[in-house]
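Following: one structure in C-alpha cells, then a few remarks.
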Amino acid sequence: MKKLLCLVLVMEAALALASADVAITGNGDESSASQTAGTFLGRGVMFAVRGEYDMAVADFTDAINLDPELQTAWMLRGRALFASVSHVTIVGENFSSITTMTTVGVGVSEEKKAVYDRAIADYNQAIRLDPDNANAYRERGNVYAGKGDFDLAIADCTQAIQLDPNYAIAYNNRGNAYNIRGEYDRAIADYTQALRLNSNDAGAYINRGNAYRNKGDFDRAIVDYTQAIRIEPKYATAYYNRGNAYRNKEDLDRAIADYNEAIRIEPNYTAAYYNRGNAYADKREHDRAIADYTQTIRLDPNYAMAYNNRGNAYRNKGKYDRAIADYNEAIRIDTNDAVAYTNRGVASYYKGDCVHARTDWEKALQLNPNDTTTRKNLELLWGMGHKRTRKLIHKRRLE
C-alpha cells in the first residue's frame, strides 16, 4: 500500500533588533514620530511573541506609517506575516528569531500565497533601505521557499552567504530548498557547512537526516536524527522523522516507539498520528491504525490521505461500506485524488459492484494514466468473468 510520509524541514529566521531599540528608547536627536513608531514596534513585538500575529502586523503597520524609513519595522512586519501562515515552533526573545516547520508535498492555498506576497513586499522594502542586510535576503528566501519558489529562495540564501560567509542559518535554509528540489547532495553539503559553523544546531541535523533519507540512506538519517535528540531531548520533530526512517527500514516497532515519543512531547502532532497509523497498518493491526487515522482527522478534518488510509483499514477488515464512506470523503476534499478513486473501486468490486468499480477505475486512469495496476484490473474486469477477476485482484491486494 502506498502511503504518504510527511517530511518536516526546519526553517529558521533571525533578526537583530538594534534599530528597533533605538526607535523605542529615543533621545534628544530623534523626531517624535520616530519615538512613536518605536512604541508601536515594542507593542508589536509583545503581540508577536504571544503568537498574536494579526495584532503584531497592525502595530508594525502603524510604525511604518509613522516612519516609512524604519527598516526594522518592514523586517518585523514581513516576519509576522510569514509566521501568521506558518507552523511556528520556536519564537526567540523579543521576536528576535523564529523557527518554523514546513511539511513537504502539501499544497499552498491562494490565501497563503497572498500573505507570502505581502511578506515579500516588506522584505523588498527592507532590502531597499539596507542592501547589505544578509538577514533580509535570507528571510525573504524563507518566504519564497514557503511559496514554492525554490530558485528564488536559493538565490536569496546565496546572496546572504556572500554578504556573511559564516551565516550558518543561510546554509541551512539553502539546503532546505535544494532538498525539496531533489538536489540531495547539494543539500547535504549545505547542512554540513551549517553544522561546521554551529555544531549544536539540532535543526540542521534533522534536515541533513531528511536529505539522507530522501537519498535512501536510512542509517545515516537515523544517526543525524539521533544526534538532534541528544542535543534537544524534547525535540518532537526529531523523533517523528527518525520514526519515518525506521519505517522505511521496515523496523516498525522502533518506528512506533518514536511516533509515541513525538506524540508524548507534542500531543496534537497530526503527522505523527497519521504515520503511526501507517505503521500499524503495515503490521496489519487495523483497529489501531483506524484509531490513529481517526485522531488525525479530528486534528485536521481536511486530511484526505487519512480518510483514504482509514478506508483501506476498514476494507481490509471487510467493512466495505465504511471504507467507501471514507474514500468518498477523500474525494470530496481532493477531487483529483486518483488513489482514492482506485481504492473506492476496489472496495466496490469486493462488494460485487462491478459497475461502480469500473467507473472509479476509469476515473483513476484518467487522472493517472501511468497506474499500470489499475489499468490491468480494468482490463481483467472487461476481459474475463467476475469470479476470476476478483480472485486475481485479491491476489495482488491492490491498496
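Using a Gaussian network model of the chain whose springs link C-alpha atoms within less than 10 Å, name the residue from ASN200, ASN309, ASN176 with the highest mean-square fluctuation.
Among ASN200, ASN309, ASN176, the largest mean-square fluctuation in the Gaussian network model of the chain belongs to ASN200.
5 Å is the cut-off here: which amide hydrogens, built 1.01 Å from N in the peptide plane, fall below it relative to ASP353, excluding neighbours closer than 5 in sequence?
Under 5 Å from the amide H of ASP353 lies no amide H from a residue far enough along the sequence or on another chain.
Once the Cβ-Cβ distance between LYS317 and ILE231 is put in as r, and R0 is 45 Å, what FRET efficiency do you end up with, to the nearest 0.05?
After rounding, the FRET efficiency stands at 0.60.
Can you give me the distance in nm between label points at ASP130 and ASN198, each placed 7 Å from the Cα along the Cα-to-Cβ direction?
Rounded to a tenth, the inter-label distance reads 1.7 nm.
Subtracting the Cα-Cα distance from 0.36 nm times the residue separation, let me have the gained length for THR373 to ALA58 in nm, one decimal.
That pair, THR373 and ALA58, stretches by 108.0 nm at full extension.
Using a 10 angstrom cutoff on alpha carbons, build the Gaussian network for the chain and name the most mobile of GLY243, GLY216, GLY352.
Checking each option, the largest mean-square fluctuation is seen for GLY352.
Using a basic spin-label model with each label point 7 Å from the Cα along Cα→Cβ, how many nm lie between GLU69 and GLN162?
2.7
Just so you know, all these numbers are worked out from the coordinates, no wet-lab data involved. All of these numbers come straight from a predicted model, not from anything done at the bench. Counting neighbours? That spans all protein chains shown, and the Cβs are built from the backbone with ideal geometry, glycine included.
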